[in-house]
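Below is one structure, written out as structure tokens, with a few remarks after it.
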Amino acid sequence: PPPPPPPPPPPHTALRGIGRKFYKFLQICQKYSLCKTLWAYVRIPHHRATSIIVANDVIINLVKSARIHVLKGRFLIGESDASNRQRTRKTEITLADNAQLTLYGDVILYEGVGVRITEGAKLSIGDHTYINRSASIDCTQEITIGDYCAISDNVQILDSDFHPITYNGETSTMSKPVHIGNYVWIGRSAIILKGVTIGDGAIVGAGSVVTRDVPARYLVAGNPARVIKENVEWE
């Protein structure tokens, strides 16, 4: 008997020319929200060469006095390798009165990232920095994140205790700025607390709780985080 016919090619390989481009366009429409992307272009100040792309499951709460400044590069909100049906958490950006979010280049916020900036607070993120799935940033005063930083899944960055704490009759400062330098890698589920400065090229181990400054090119880990190695490099 003659051999069985070969299986039909998948739809995307069978399409040619305009049909194939239209198929890719439909895939993009399923993943990203055209309406939210157009709203972002109108509502968010940005350089004319900047692209702002917003996924379908993104929530942006932006009051009139709040500002998001995209100075250059690409701002991708809600990126994910999973299909829409497989997504478990929404990406949410909330800015209160007079809050500011400034982006200095290509920045990616992945699925489930939460960014909350309270009244009058400032958050800045540098070029080629990404914040991975389900990470959260709570900014009540000031948080700066440098260029080429890798913020892993479930990382929490906070510049406040959110409640005043009294020791021996003295009340501590509730909020202090957080500064993260360039080329910093923060491992999965690490927590960065108020008043911390992390130097350029430093590495924070997974699950660490950082309560003190981390010098440049140091590897720290543990709870509370302690110095493990010096003069480290990562790619």
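Which members of the stretch 117-132 meet the condition of being open to solvent by less than 10 Å² (accessible area, probe 1.4 Å), in a loop (DSSP other than H, G, I, E, B) and closer than 16 Å to residue 93 by Cα?
Narrowing the stretch 117-132 to residues open to solvent by less than 10 Å² (accessible area, probe 1.4 Å): 117, 121, 123, 125-126, 129, 131.
Add one more test, that the residue is in a loop (DSSP other than H, G, I, E, B), and what stays is 121, 126.
Of everything in the stretch 117-132, just one residue is open to solvent by less than 10 Å² (accessible area, probe 1.4 Å), in a loop (DSSP other than H, G, I, E, B) and closer than 16 Å to residue 93 by Cα, namely 121.
Of all residues in the stretch 168-182, those that are open to solvent by 90 Å² or more (accessible area, probe 1.4 Å) have Cβ atoms under 6 Å from Cβ atoms of residues that are at pLDDT 95 or above, 6 or more apart or on another chain, in 176/194; 176/195.
If you scan the stretch 133-144, which residues turn out to be modelled with pLDDT of 95 or more and open to solvent by 10 Å² or more (accessible area, probe 1.4 Å)?
So the first thing to find is which residues in the stretch 133-144 are modelled with pLDDT of 95 or more, and the list is 135-144.
Within the stretch 133-144, 136, 138, 140, 141, 142, 144 meet the criteria.
Residues that are part of a strand (DSSP E or B), more than 30 Å from residue 79 (Cα to Cα) and not hydroxyl-bearing (Ser, Thr, Tyr) occur in the stretch 166-178; there is at least one. Is one or more of the residues making up the stretch 90-107 under 9 Å from the mean Cα position of the chain (by Cα) and either small (Gly, Ala, Ser) or open to solvent by less than 30 Å² (accessible area, probe 1.4 Å) (or both)? Yes: the stretch 90-107 contains one or more residues that are under 9 Å from the mean Cα position of the chain (by Cα) and either small (Gly, Ala, Ser) or open to solvent by less than 30 Å² (accessible area, probe 1.4 Å) (or both). Go through the stretch 159-194 and report how many residues are under 22 Å from residue 119 (Cα atoms) and under 14 Å from the mean Cα position of the chain (by Cα). So the answer is 1. In the stretch 67-85, of all residues being surrounded by fewer than 18 Cβ atoms within 10 Å (Cβ to Cβ) and hydrophobic (A, V, I, L, M, F, W, C), the one that is modelled with the lowest pLDDT corresponds to 82. Criterion applied to 153, 200, 147 was being open to solvent by less than 40 Å² (accessible area, probe 1.4 Å), in a loop (DSSP other than H, G, I, E, B) and not hydroxyl-bearing (Ser, Thr, Tyr), and the one residue passing it is 153. When residue 159 is tested against (1) modelled with pLDDT of 95 or more; (2) among the charged types (D, E, K, R); (3) surrounded by fewer than 22 Cβ atoms within 10 Å (Cβ to Cβ), only condition (3) is not met. For the stretch 43-58, filtering for residues that are at pLDDT below 70 and in contact with a His (Cβ under 7 Å, 6 or more places away or on another chain) leaves 1.
The values are calculated or read from the model by the stated rules, or taken from the named source; none is laboratory data. Treat the numbers as computed from the prediction; the structure is a model and nothing was measured. When we count neighbours, we look across all protein chains shown, and the Cβ atoms used for this are built from the backbone with ideal geometry, even at glycine. When the accessible area is computed, the model is the full protein with side chains, heavy atoms only, and any ligands, DNA or RNA have been set aside. Shrake-Rupley method; radii C 1.70, N 1.55, O 1.52, S 1.80 Å.
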